């Protein structure tokens, strides 16, 4: 498996970020939060992309620091 930029060389286990319950679809974050529920896995995937954009935005980082 290729390591991401900046990661140390070791074996990383990346599980599935998406899961489904009776309430709907959710995704897990690296910050150990569970986001959802969403109506479909596709909606959860789209929301994860928005979440990643938000937390990697330098302005958001300054506001939470």
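Every read-out reported here was derived from the displayed coordinates using simple, explicitly stated rules and does not represent laboratory data. Everything numeric here is computed off the predicted structure, so don't read it as measured data.
Extension gain, residue 33 to residue 54, is 6.1 nm, computed as 0.36 nm per intervening residue step minus the present C-alpha separation. Distances between every pair of Cα atoms in the stretch 18-64, grouped in 5 Å steps from 0 to the bin holding the largest one, split as 5, 22, 28, 20, 13, 8, 4, 0 percent.
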